[in-house]
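The values are calculated or read from the model by the stated rules, or taken from the named source; none is laboratory data. Given the structure is predicted, the values throughout are model-derived calculations rather than measurements. So basically every Cβ, Gly included, is an ideal-geometry build from the backbone, and we count neighbours across all protein chains shown. Ligands, DNA and RNA are stripped out before the accessible areas are found, and what is left, the full protein with its side chains, is counted by its heavy atoms. Shrake-Rupley method; radii C 1.70, N 1.55, O 1.52, S 1.80 Å.
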Amino acid sequence: MTPKNIIAKWVEAFNNKDAEALADFYHDDAINHQVVNEPIKGKQEIKQMFINEFARAEMVCIIENIFEDNEWAILEWKDPLGLRGCGFFHIVENKIKFQRGYWDKLSFLRQHGLPIPSN
């Protein structure tokens, strides 16, 4: 599969809130760095992150674009509440080795009625 195809399938698993299926897309030593949070290292830790996040908020990923450049896929997305973001995925041997995501955490927390941390 191409990186673009892999990320399209990843979005399906995300929208099904299937943390187990999502984890299967990652290498055992993968890194998921949502830049508004600390990086998550390891497939099992990434799986637990998804379990925690799905329990916390109703998240839906609507694909606007998926771009591909060699081993990289770039996902431009939005959600039904108007939040927008993008993710960069380094695909090695048909698995995600590294992921970095950019989105507005404050808007996300407000839209979902979640507590806003104080500094």
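Summary of values
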item: Inter-site label distance for Leu114 and Ala57 at 7 Å from Cα along Cβ, in nm; result: 0.4
item: Model label zone, Glu20; criterion: amide N under 20 Å from point 7 Å along Cα-to-beta-carbon; scope the range 83-107; result: 96
item: From phi via Karplus (6.51, -1.76, 1.60), per-residue ³J(HN,Hα) for the range 92-108 in Hz, x at Gly/Pro; result: 10, 6, 6, 10, 6, 9, 8, 9, 10, x, 10, 6, 8, 5, 4, 4, 4
item: Sum of -39500 (n - 2.57) over DSSP H runs of 4+, divided by residues of the chain (222 nm, nearest 500); result: -9500 deg cm²/dmol
item: Alpha-carbon centroid distance for the pair the range 71-85 / the range 1-52, whole angstrom; result: 14
item: Within straight-line cross-link reach of Lys47, lysines at Cα separation under 17 Å, skipping those fewer than 8 residues along the same chain; result: Lys9, Lys17, Lys95, Lys97
item: Solvent exposure of the range 49-90 as accessible area per residue, Å², 1.4 Å probe; result: 56
item: Amide H partners (placed H, <5 Å) of His33, local residues excluded; result: Ile40, Gln99, Arg100, Gly101
item: Rounded accessible area of Cys86 (nearest 10 Å², 1.4 Å probe); result: 40
item: Distance (nanometres) between label positions extended 7 Å along Cα→Cβ at Glu38 and Ala8; result: 3.8
item: In degrees, nearest ten, helix 3-15 long axis to first principal axis of the chain (Cα); result: 40
item: Rounded tilt (10° steps) of 43-56 against the dominant C-alpha axis of the chain; result: 30
item: Fraction of accessible area attributable to carbon and sulfur, the range 60-119 (%, probe 1.4 Å); result: 52
item: DSSP loop GluC sites (Glu not before Pro) with at most 15 other Cβ within 10 Å: longest gap in the chain; result: 1-57
